[in-house]
Amino acid sequence: MNVDGRQIALSLDDDTKLRLEAEAQWQSQTEAEVASVAIKSYLDRQSHLRRALEAASAEADKGVFISSEA
């Protein structure tokens, strides 16, 4: 995997840093590669969740929801 993007600095607690190092070694990748994949995955999940919540909110605003009597 090639991580040719913009650089950022992260502060990690000791345990997270050790886990990142171990995962990178296990995958034969750099820590930057593992972190990049993890961040992308997190952002994809958050985006999906946000869209679902926004859609549910829009439905509720229209009065479309399951009543407690259903």
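The values are calculated or read from the model by the stated rules, or taken from the named source; none is laboratory data. Given the structure is predicted, the values throughout are model-derived calculations rather than measurements. Note that each Cβ is placed from the backbone with ideal geometry, even for glycine, and that neighbours are counted across all protein chains shown. Keep in mind that these areas ignore ligands, DNA and RNA; they rest on the heavy atoms of the full protein, side chains included. Shrake-Rupley method; radii C 1.70, N 1.55, O 1.52, S 1.80 Å.
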Taking 35 Å as R0, compute the FRET efficiency from the Cβ-Cβ separation of Glu33 and Asp61 and round it to 0.05. 0.25
Average accessible area per residue (Å²) across region 1-55 - probe 1.4 Å, nucleic acids and ligands excluded: 89
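Quick one: net charge around Glu21, please, counting Lys, Arg +1 and Asp, Glu -1 for every other residue with C-beta under 14 Å from its C-beta.
Value of the local net charge: -4.
For every other residue with a beta carbon closer than 13 angstrom to the beta carbon of Gln46, add +1 if it is Lys or Arg and -1 if Asp or Glu, then tell me the sum.
Working: positive: Lys40, Arg45, Arg50, Arg51; negative: Asp44, Glu54.
For residues surrounding Gln46, the net value is +2.
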